1. Provide Ile257, Ile177 ordered by accessible surface of protein heavy atoms (probe 1.4 Å), highest first.
2. For the chain, what is the calculated [θ] at 222 nm in deg cm²/dmol (nearest 500), taking -39500 (n - 2.57) for each run of four or more DSSP H residues and dividing by its residue count?
3. So if I take the centroid of the Cα atoms in segment 226-250 and the same for segment 132-153, what is the distance between those two points in Å?
4. What trypsin sites (Lys or Arg not before Pro) in segment 179-259 are in a loop by DSSP, with at most 13 other Cβ atoms within 10 Å of the Cβ?
5. Send over the semi-axes of the chain's equivalent ellipsoid, whole angstrom and largest first, taken as the square roots of 5 times the C-alpha gyration tensor eigenvalues.
6. Going through segment 141-206, which chymotrypsin sites (Phe, Trp or Tyr not before Pro) have at most 16 other Cβ atoms within 10 Å and a DSSP loop state?
7. Expected output is a single nm value to one decimal: the length gained when fully extending between Arg181 and Glu24, i.e. 0.36 nm times separation in residues minus the C-alpha distance. What is it?
8. Could you report the chain's accessible area per residue, 1.4 Å probe, as an integer in Å²?
Amino acid sequence: MVTIADFAERIAREAGELIRREREENTLRTDYKQQTELVTHADVMADEFITDAIRQAYPEHRIPSEESMPDLSQAENLDTPLWIVDPIDGTVNYAYGHPQVAVSIAWAEKGRVQVGVVHAPFSGETFRAEKGQGATLNGQPIRHSGATDLRQTLFATGFPYTKDQLEPLVRRLNVMIHHCRDLRRIGSAALDICWVACGRLDAYYESVSPWDFAAAKLIAREAGARAGHFSEVPAGYPEDLWGQDNLVTAPDIYDRIRELLANA
Ligand code: IPD
Ligand code: CA
Ligand code: CA
């Protein structure tokens, strides 16, 4: 029997193949959403490919996307499971020929993410987790870095496309840079979080949308990392889908970083 996780991995790999081929063989066609946010023809093609495949296999499930976002505050009461998909996480990297690009697919029941797959087609890496069953990278179990010392913490974060609310982000960055080893700006939130999961980074924080983190946060938790928020999640809202002030770290440094960010 094909499990939901097997199915998610298969379509993530196939979408990854499509994305890779499009960049290698075709001239990149780009456009802008809301004047600022870059989108390529490959984003659209991969999105159609994934959502068509899900609709065929699971016609009764829902697929919230950037374009059709339902009110997720009710997700815990929803009887229909949700697929949360980012066809290309790291579109700017994609357009510039960088390798840090991922297809992210999560599956949630009653607002809780049960399956997560993050596939990076240019590096040929597939991160995968099922709730309660651990996390893997290309089939091998992964684990967080075990970092305990803030001074030696390598952290990642990101910045939004819109530039009108940058001040608090710069304040937080200032505090983090002063306390930690260094910063990496990978350009894909899903990969940032998976890299915390496998110990290539010690910490990650950012405010992003559910499709950027839903799959990767499960992967991180299943790899023993701690994943939550450095501000309160509104009462009643499913924690797994709340995108404001995400924080994912090796467990021993979580509280200290949470405190720094919450007070910056
Ligand atoms: C973006 C990436 C980036 C993050 C942005 C996201 P996209 O997703 O995850 O790392 O900083 O906020 O929007 O647009 O490449 O799918
Ligand atoms: Ca994204
Ligand atoms: Ca995207």
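The values are calculated or read from the model by the stated rules, or taken from the named source; none is laboratory data. All of these numbers come straight from a predicted model, not from anything done at the bench. Counting neighbours? That spans all protein chains shown, and the Cβs are built from the backbone with ideal geometry, glycine included. These area figures cover heavy atoms from the full protein model, side chains too; ligands, DNA and RNA do not enter into them. Shrake-Rupley method; radii C 1.70, N 1.55, O 1.52, S 1.80 Å.
1. Numbers: Ile257 0, Ile177 75 Å².
Most to least solvent-accessible, the answer reads Ile177, Ile257.
2. Working: 7 runs with 90 residues, N = 264.
My calculation for the chain gives -11000 deg cm²/dmol from helical runs alone.
3. 19 Å
4. Details: sites: Arg181, Arg184, Arg185, Arg200, Lys217, Arg221, Arg226, Arg256, Arg258; in loops: Arg181, Arg185, Arg200.
Qualifying residues, ordered by number: Arg185.
5. On the way: eigenvalues 145, 90, 70 Å².
Whole-Å semi-axes of the equivalent ellipsoid: 27, 21, 19.
6. Values: sites: Phe155, Tyr161, Trp195, Tyr204, Tyr205; in loops: Tyr161.
Here the sparse-neighbourhood loop sites are Tyr161.
7. In short, 52.9 nm is gained.
8. Values: 12210 Å² over 264 residues.
On a per-residue basis, 46 Å².
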